[in-house]
Amino acid sequence: MKPLSDTLSAPDTDEAAANPVVGIDQTKGDFQYKVAYEFDAGTGLSEKTVRYISSVKKEAPWILEFRLNALKKFLSMPMPTHWATKDLENINFDKIRYYLASGQKPKRTWDEVPADIKRTFERLGIPEQERKFLAGVEAQFDSEAAYSNIKEIVAKQGVIFANSTEALREHPEIFRKFFGKVIPTGDNKFSALNSAVFSGGSFIYVPKGVKVAQPLQAYFRINAENFGQFERTLIICDEGAEVVYMEGCTAPKFSTSTLHSAVVELVALKGAKIQYITVQNWANNVFNLVTKRGVAHEEAEIKWIDCNIGSRLTMKYPGVVLKGRKARGEVLSIALANDGQHQDTGAKMIHAADETTSNIIAKSISVGQGRSTYRGVVHIPKHLKGCKNNTECDALLINSNSRTDTYPAISVRGDRHAVQHEASVSKVSADQIFYMQSRGLTEGQAMSLSVNGFINDLARQFPMEYSVELKRLIDLEMEGSVG
Amino acid sequence: MSQLEITNLHVAIGEKEIVKDLSLTIRSGEVHAIMGPNGTGKSTLSKAIAGHPDYTITSGDVRLDGKSILDQEADERARAGLFLAFQYPSEIPGVSIANFLRAAQQARMAEGEELDASAYYKRLYSKMDLLKIDRKFTSRSVNDGFSGGEKKRCEILQMAMLEPKFALMDETDSGLDIDALRIVADGVNTMRSPNLGVLMITHYQRLLDYIVPDHVHVMWDGQIVKTGDKSLALELEAKGYDWVKKELAAATG
């Protein structure tokens, strides 16, 4: 099939000038390699685009119908600017490229991974011990998986670990039942957009009682200008099963705005445990508008660990619907907003059964003119008993023109619940920096150390390699913020 | 043998001149005490030497081993061998003392060079043993929720680890009960060596009962007005600062 359009539109330099982003060290994600794209849906969004994507993927008719229905919803829904930032209006949907694929088949061993892609990983500065991890990685290269071998290992346990296209084609009996159920198409404008044009993302099914020993991992990048990445992830953990999933994202820097709009749905059946870990470092022109939600059944546990660094605007509120008795939900969130960036993040905890427990710890750091916003929803209805929620949100301001806002919405009815909420705002003081400098640390090192200290109690709960990566990303951000 | 040379130093905060034409030379192995009532510029002197950005040096010079340090940032001065023990040390939540000191050591190494972690901990523990500090201490966040005594002990441990050429100790005794004072003084005395020069700033004579200085200077209105040996401190204790004031009035009057 021929691409609808084979030209990339020219960088829109005016738009870049309107949003000057100074002092950010983005060298980490600032690169791209030439890739011959075999499939290209061209720019702009119409029924034709959606049909093109669906036909390239050789999808079943029900999926095409699902996509077309979603497109209608997307087009009819207004931008949520009555509560969210007006910056959303700057997304030019006509300039976005909704589907690109290199047409390469997923690779089995590291040796078979194209040198370009390996170089990409190298440029990301992944240390030796993390490369070992990558040897077992399901790495997302643009729309399609470029590398995968952990699949075989976990397949022996009956685990299905596949990209969304493959899983919907080969295992519809498992995935169709849950697909789009946790996050309905019309949940919000961007979940509707994703539902219309999704490609890539992981589908995982862990059978009853299976505890997956190694974390399953994916690494996403945006490698084409104007290319929106709309991955769709669905993880189903059957009764008593356990899995940890990690995603890391970085994107090259382009002068035009790019859009990343993912949907991630988790289903933890009775007694299951899912941990979903994200460390993102988007380039500062990326709109990162993601819907993440899980349903925890009886005695199940869902834990979101979410770190957002970079992007122009991130809007993301991982949620857990606590559907079964004694279900537990947790969101640990770290956001760093540098100059020209807005991190609008938070959490949602919907208690829908007795004795359910939720915990939210959110820490945000605002650097320079960066802005961080916490939005939280905790809902405990009247007919339930024995529910518990703990919410803590702490903000750290680095400069006097940094900004933070907190919008916690906690609605608790009934008198048989325990709810606790704490919020704090602190600032890195000049005295603190001088103190550290007088010990020989440079101003940048001192800032980094303060920030790392601020998030330390959260970062300690992360898997080792992710807390190391997080620390390195923060060091890079802070280096650029001083002097 | 090192030398810290302060010559005709003038320091201002904003428009206000605090230190006025102060000169003082400290050599390795010497302990100097600067005494004086509140508001005479003692703390200003130590912060200005350490490179606090709020303090402007309007004229004069500070030289370390003959080289002016005035165009250096605070961290460069620290790496060159200065150490300021703070009167009110800052808290750094979430950063353990061990990690903080490790970062400070790492900052002194050449780019690309990695600190040997096991050697570092060995050294840290030996210094802690020397200063009779409990091993658990360094896993706590720097000064976070510390008592006055613990904060000062943390300063002393940092000083021991960073092995400066010159230590500026700003009111190290303030806020300490007698037991804490003794611990801090023991620490400083343990570190006294021909390789370390100390400038101790204090309001009270009592610290000097524990750390016996080689030279005592009395500071008044931004200047050193009297210099002597440890007996000067005792004389001050007996006669009070009014004595200096009267002498000064007589001399200028």
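The values are calculated or read from the model by the stated rules, or taken from the named source; none is laboratory data. Please read all numbers here as calculations on a predicted model, not as lab measurements. Reconstructed Cβ throughout: ideal geometry from the backbone, glycine too, with neighbour counts over all protein chains shown. Just the protein is used for accessible areas: all its heavy atoms, side chains included, with ligands, DNA and RNA removed. Shrake-Rupley method; radii C 1.70, N 1.55, O 1.52, S 1.80 Å.
Full extension of the segment from residue B:80 to residue B:214, taken as 0.36 nm per residue of separation minus the current Cα-Cα distance, would add 45.8 nm.
Taking each of A:323/A:385; A:471/B:151; A:86/A:189 in turn, the alpha-carbon distance tops 20 angstrom for A:471/B:151.
Over all other residues within a Cβ to Cβ distance under 10 Å of residue B:190, the charged ones net out to +2, with Lys and Arg as +1 and Asp and Glu as -1. For an R0 of 41 angstrom, estimate the FRET efficiency from the Cβ-Cβ distance between residue B:8 and residue B:88 and round to the nearest 0.05. After rounding, the FRET efficiency stands at 0.90.
Of the residues in segment A:421-440, those shielded by at least 10 Å² of accessible area once partner protein chains are present, compared with the chain alone at a 1.4 Å probe, are A:431, A:432, A:434, A:435, A:436, A:437, A:438, A:439, A:440. Close amide H partners of residue A:421, meaning residues 5 or more places away or on another chain with modelled amide H under 5 Å apart, are A:391. Take the Cα of residue A:425, step 7 Å toward its Cβ, do the same at residue B:23, and the gap between the two points is 5.2 nm. In order along segment B:20-33, the phi-based Karplus estimate (6.51 cos²θ - 1.76 cosθ + 1.60, θ = phi - 60°) of 3J(HN,Hα) comes to 10, 6, 9, 10, 6, 10, 10, 10, 3, x, 8, 10, 10, 10 Hz; Gly and Pro are listed as x. Using amide H atoms built in the peptide plane, which far-off residues or other-chain residues are under 5 Å from residue A:301 H to H? Sorted by chain and number, the residues that satisfy this are A:272, A:273, A:274, A:328. Here's how it looks for residue A:365: its modeled amide H is under 5 Å from those of A:335, A:336, A:337, A:396, which are all 5 or more places away or on a different chain.
For segment A:378-449, which whole-number percentage of the solvent-accessible area (1.4 Å probe, protein heavy atoms only) is attributable to carbon and sulfur atoms?
Values: 1630 of 3450 Å².
Exposed carbon and sulfur together represent 47 percent of the surface.
For the pair residue A:416 and residue A:208, a Förster radius of 41 Å applied to the C-beta separation gives a FRET efficiency near 0.80, rounded to the nearest 0.05.
Test of understanding: express the Cα radius of gyration of segment A:441-483 as a ratio to 2.2 N^0.38 Å, with N the residue count.
On the way: Rg = 10.4 Å, N = 43, 2.2 N^0.38 = 9.2 Å.
Segment A:441-483 yields a ratio of 1.13.
Computed from backbone phi with θ = phi - 60° and the Karplus coefficients 6.51, -1.76 and 1.60, the 3J(HN,Hα) list for segment B:111-116 is 4, x, 8, 10, 5, 7 Hz; x is used for glycine and proline. Chain B packed on chain A takes about 1800 Å² of accessible surface away from a 1.4 Å probe, both sides summed.
Nonpolar atom fraction for chain B, defined as the carbon and sulfur part of the 1.4 Å probe accessible area, stands at 48 percent. Rounded, prolate or oblate: which fits chain B when a ≥ b ≥ c are the square roots of the eigenvalues of the alpha-carbon gyration tensor, with rounded for a/c under 1.5 and prolate only if a/b beats b/c? Because a/c hits 1.5 or more and a/b exceeds b/c, chain B counts as prolate.
The simple spin-label model puts a point 7 Å past each Cα toward its Cβ; for residue B:251 and residue B:123 those points are separated by 4.4 nm.
Note on residue A:325 and residue B:38: their simple-model spin labels are 6.5 nm apart, each label 7 Å out from Cα toward Cβ. Size descriptors for segment B:135-253, from the alpha-carbon set: Rg then Dmax equal 16.5, 58 Å.
If you wrap the Cα atoms of segment B:65-129 in a convex hull and average its projected area over all directions, you get 6.5 nm².
Stretch residue A:392-residue A:93 to full length: gain in nm at 0.36 nm per residue minus the Cα-Cα span?
Details: separation 299, 0.36 × 299 = 107.64 nm, distance 3.62 nm.
Result for the pair: 104.0 nm of gain on full extension.
Legend: calculated FRET efficiency, residue A:472 to residue B:241, from the Cβ-Cβ distance at R0 = 45 Å, rounded to 0.05, equals 0.25. Pairwise inverse Cα distances across segment A:281-428, averaged and inverted, put the Kirkwood hydrodynamic radius at 15.4 Å.
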